[in-house]
Amino acid sequence: VASFGLHVWARLHLQKFYAERVEVQPDHQVIQSGPYAFVRHPIIASFFLLSIGIFLINPALTTALALLYTVWDFTRAARQEESLLSQSLPGYADYMRRVPRFIPSLRRENRD
């Protein structure tokens, strides 16, 4: 349930900048509010939570393999997206330095 809530919150917050594939859209900008203030890839994090939940409900070799594949595949996709956006979207490289990829940081940062 938490994964679904995070997924919906992130998709609604991203609005017109949501895309199924990695691309820079016209008037693209770095989204840094909502779930994107805590992690760079909340939609991917929601898939991780879903996979973990499925594994916890049915701990089996097949669900463990599905969990591992999900982590591997989406981590690869996030790196590709970060490479493209850091090169072509002003401010994204700084956003990457400040905001963790998938797991929110427990440290308090001084935000100006």
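The values are calculated or read from the model by the stated rules, or taken from the named source; none is laboratory data. Keep in mind the model is a prediction, meaning the values are calculated, not measured. Reconstructed Cβ throughout: ideal geometry from the backbone, glycine too, with neighbour counts over all protein chains shown. Surface areas here come from the heavy atoms of the whole protein model, side chains and all, with no ligands, DNA or RNA. Shrake-Rupley method; radii C 1.70, N 1.55, O 1.52, S 1.80 Å.
Below, the figures for the structure above:
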| item | result |
| --- | --- |
| Test: residue in region 80-98 that is part of a loop (DSSP other than H, G, I, E, B) and open to solvent by less than 30 Å² (accessible area, probe 1.4 Å) | yes |
| Residues satisfying the stated conditions in region 9-23, i.e. part of a helix (DSSP H, G or I) and of a type in the set (Gly, Ala, Ser) | Ala10 |
| Pair list, Cβ under 7 Å, 6 or more apart: region 67-79 residue polar (S, T, N, Q), other residue crowded, with 16+ Cβ neighbours inside 10 Å | Thr70/Phe47; Thr70/Phe48; Thr70/Ser51 |
| Residues of region 1-46 that turn out to be in contact with a Ser or Thr (Cβ under 6 Å, 6 or more places away or on another chain) and modelled with pLDDT of 90 or more, as a count | 4 |
| Close pairs from region 14-25: first on the phi > 0 side of the Ramachandran plot, partner open to solvent by less than 60 Å² (accessible area, probe 1.4 Å), Cβ under 9 Å, at least 6 apart | Gln15/Ile31 |
| Qualifying residue in region 55-66 (condition: more than 25 Å from Leu14 (Cβ to Cβ), part of a helix (DSSP H, G or I) and either in contact with a Phe, Trp or Tyr (Cβ under 6 Å, 6 or more places away or on another chain) or open to solvent by less than 40 Å² (accessible area, probe 1.4 Å) (or both)) | yes |
| Single residue of region 26-46 satisfying the filter (of a type in the set (Ser, Thr, Tyr) and touching a residue at least 24 places away in the same chain (Cβ under 8 Å)) that is surrounded by the most Cβ atoms within 10 Å (Cβ to Cβ) | Ser46 |
